[in-house]
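All remarks here apply to the structure that follows.
The values are calculated or read from the model by the stated rules, or taken from the named source; none is laboratory data. Only a predicted model underlies this, so the values are computations on that prediction, with no experimental measurement involved. Neighbour counts are summed over all protein chains in view; Cβ atoms, including those assigned to glycine, are modelled from backbone coordinates with ideal geometry. Ligands, DNA and RNA are excluded from the accessible area calculation, which covers all protein heavy atoms including side chains. Shrake-Rupley method; radii C 1.70, N 1.55, O 1.52, S 1.80 Å.
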Amino acid sequence: MKYYAIILAGGLGQRMDSAVPKQFLALDDKPIIIWAIEAFYTSSLFDAIIIAIHPDYHKTLQTLLHEYNIQTTVTITNGGKTRQQSCYNALCSLQCSDNDIVLIHDAARPFITQTMLKNCINTTVHYGACGIYTPVKETIAIIKEDSVVEVLPRNTICAAQTPQCFYYSIIMDAHKKALADSIIDATDDISLVLMAGYPVKAITGNYYHNIKITTIEDIAIAQAIIKNNLYH
């Protein structure tokens, strides 16, 4: 059994309103994407790390990998127009056996911990598929045409994070079935796995240990997390 990490960095960060994709913005003088890659690279858990990124930024990423001395076991593949396409491109680049483990992570989550990585792998070995979830803080409402149509029970609602982790046979089958059904823009991989009929185990996550950088406000929050040493 081998272990593979896919880091998705294909987005252009349009919601950040930045001149460069958000994964190249700095946190404490280090690019967000390097924070994420180093978590996997220094863990020694993975046989290979695959980074899916927009073709225009291959050279930029290669320069950063050299600068931060991240050389072996890391390969770069092309991101797609959607997150789902980027993930499928990365999966197709692997030479896997069915029972190999594939862990999929967003580059915009820079503070993933070694404990989370090990927990994902161990859970997947026993159950086949798992994801990290955190309870929501606010009550969630469904609104249509400026009217509240439903208020969801907060005790059953969680926010999805990454990593999401799978046996290669499961995640590849789920992606192929989605493409056969003309589904090309899923927002995460567990949704595809559930649609393909596989059970998924939930792991409890942590907001500060695994914040996703999406807006400029998130940069400020991440800087505060670093300053106060809340991400270990």
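Points worth noting:
- Residue match in the range 16-30 (condition: at pLDDT below 95, more than 17 Å from Ala222 (Cα to Cα) and among the charged types (D, E, K, R)): yes
- Every test in (1) modelled with pLDDT of 90 or more; (2) within 30 Å of Ala224 (Cα to Cα); (3) assigned to a loop (DSSP other than H, G, I, E, B) is passed by Tyr57 save one, and that test is (3).
- Selection of the range 169-194 for residues being exposed (fewer than 14 other Cβ atoms within 10 Å of the Cβ) and small (Gly, Ala, Ser) yields Ala180, Ser182.
- Selection within the range 64-87: residues that are more than 25 Å from Val193 (Cα to Cα) and in a loop (DSSP other than H, G, I, E, B). The member of this set that is least open to solvent (accessible area, probe 1.4 Å) is Ile70.
- Residues that are farther than 27 Å from Ala186 by Cα and loosely packed, with under 15 Cβ neighbours inside 10 Å, drawn from the range 48-63: Lys59, Gln62, Thr63
- Note on the range 88-166: enclosed strands (runs of 3 or more DSSP E) holding 2 or more residues that are without any contact (Cβ under 8 Å) to a residue 40 or more places away in the chain are 141-144, 147-151.
- Check on Gly128, within 17 Å of the chain's Cα centre (by Cα) and surrounded by 15 or more Cβ atoms within 10 Å (Cβ to Cβ): no
- Top-ranked residue in the range 200-221 [being more than 17 Å from the chain's Cα centre (by Cα) and of a type in the set (A, V, I, L, M, F, W, C); ranked as most open to solvent (accessible area, probe 1.4 Å)]: Ile216
- Odd one out for Gly197, checked against (1) open to solvent by 20 Å² or more (accessible area, probe 1.4 Å); (2) modelled with pLDDT of 95 or more; (3) part of a helix (DSSP H, G or I): (3)
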